[in-house]
Amino acid sequence: MVVICPKCKTKLRVDEAKIAGGGSRFKCPKCSTALLVKKPAPVSEKQPFDNVKVVVAHSNSAIANEITTLLSENGYQAISASDGIEAMVKSLKDHPFLAVIEVGLPKIYGFEVCKRLKGRPETKGMKFILISSPFDKNKYRREPESLYDADDHIEEHRISELLIRSINALKGGEPPKKEEKEAEKKIDKPAQETIAQKPEVKPESPAPEVIMPAPGTDEKVERAKRLARTIVSDIYLYNTGKAEEAIRNNTFSSVFASEIREGLKLYEHRISQEVRDRGDFFREVLALFIENKKKAM
């Protein structure tokens, strides 16, 4: 089987015969990142999706709370994730029927999370709603060129208006009743306690932590990076074909010079000089995005 290192994107070929029942640890030969690799579950052993659970992955806590509240009020159980790796780990572990994910997630962009999970046999049938935050709402009043297999797309300022309607449409019916949700919680609690006793899912398990350790962060810097990711992901998502061609030809910065200038102007308006003096986070995010897309392509 082939495993992709989430840090350096190196493809590693792993002999399934060498993987233990609970998974085995391997080290990426290129960047030394520790990986916990498990055998793919046989079709007969795959767990069904939980029609109450929804992964909510958004780096802005206020928006994540808004989504979580809407879900709770309509009988759904939110499972929170703050970045792309955590969203993937929790989707594989908790088997939610749906993920509501921010396009510009840190570590792995939301549209890439969708593409990767849709390509895995365990999560192929999951539904995905992408949440974007256009930095120019008047300019981007159209659907993105590519949703990367996502089932729907909602702009951030329309969450309260469209989210539940979209979920119900994707589910093909009404949301679960609140009493069903309570019963689900009662069933899940002992199951979670039992699972927690297994070594492979203890808090010290390396699945999310070792692959990409979470460093101490400064909220102002994180806000700057979040805005930069929003701008970069908007440029890409609404011009996918043109952007991918430019990345292949190493001309992204010149082809999208006007969009980058426009985004940078907004970035400088919203991010204080004090934070900008600490690093060119806008260019850093842009360069990393281009580099990662080039590797993926």
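Residue-by-condition table, conditions (1) over 23 Å from the mean Cα position of the chain (by Cα); (2) touching a residue at least 12 places away in the same chain (Cβ under 8 Å):
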residue: S233; (1), (2): no, yes
residue: A243; (1), (2): no, yes
residue: N249; (1), (2): yes, no
residue: R261; (1), (2): yes, no
residue: S272; (1), (2): yes, yes
residue: G279; (1), (2): yes, yes
**Asked** Within the group A17, A78, A64, which residue is in a helix (DSSP H, G or I), of a type in the set (G, A, S), on the phi < 0 side of the Ramachandran plot and crowded, with 17+ Cβ neighbours inside 10 Å?
**Response** A64
**Residue check, D149 open to solvent by 50 Å² or more (accessible area, probe 1.4 Å), within 24 Å of K7 (Cα to Cα) and either in a helix (DSSP H, G or I) or at pLDDT 50 or above (or both)** = yes
**Request:** Of all residues in the range 84-111, count the ones that are open to solvent by 20 Å² or more (accessible area, probe 1.4 Å) and either of a type outside the set (A, V, I, L, M, F, W, C) or out of contact with any strand residue (DSSP E or B) (no Cβ under 7 Å at 6 or more places or on another chain) (or both).
**Result:** 11
**Asked** Restricting attention to the range 33-46, does a residue exist that is open to solvent by 80 Å² or more (accessible area, probe 1.4 Å), under 24 Å from N168 (Cα atoms) and either part of a helix (DSSP H, G or I) or at pLDDT 80 or above (or both)?
**Response** no
**Message:** Criterion first (modelled with pLDDT of 85 or more, hydrophobic (A, V, I, L, M, F, W, C) and under 21 Å from T123 (Cα atoms)) does A62 satisfy it?
**Reply:** no
**Request:** Could you look through the range 241-259, keep only residues that are in a helix (DSSP H, G or I) and open to solvent by less than 10 Å² (accessible area, probe 1.4 Å), and pick out the one that is nearest to K293 (Cα to Cα)?
**Result:** I247
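The values are calculated or read from the model by the stated rules, or taken from the named source; none is laboratory data. Please read all numbers here as calculations on a predicted model, not as lab measurements. Neighbour counts are summed over all protein chains in view; Cβ atoms, including those assigned to glycine, are modelled from backbone coordinates with ideal geometry. Quick note on the areas: whole protein, heavy atoms, side chains included, nothing else; ligands and nucleic acids left out. Shrake-Rupley method; radii C 1.70, N 1.55, O 1.52, S 1.80 Å.
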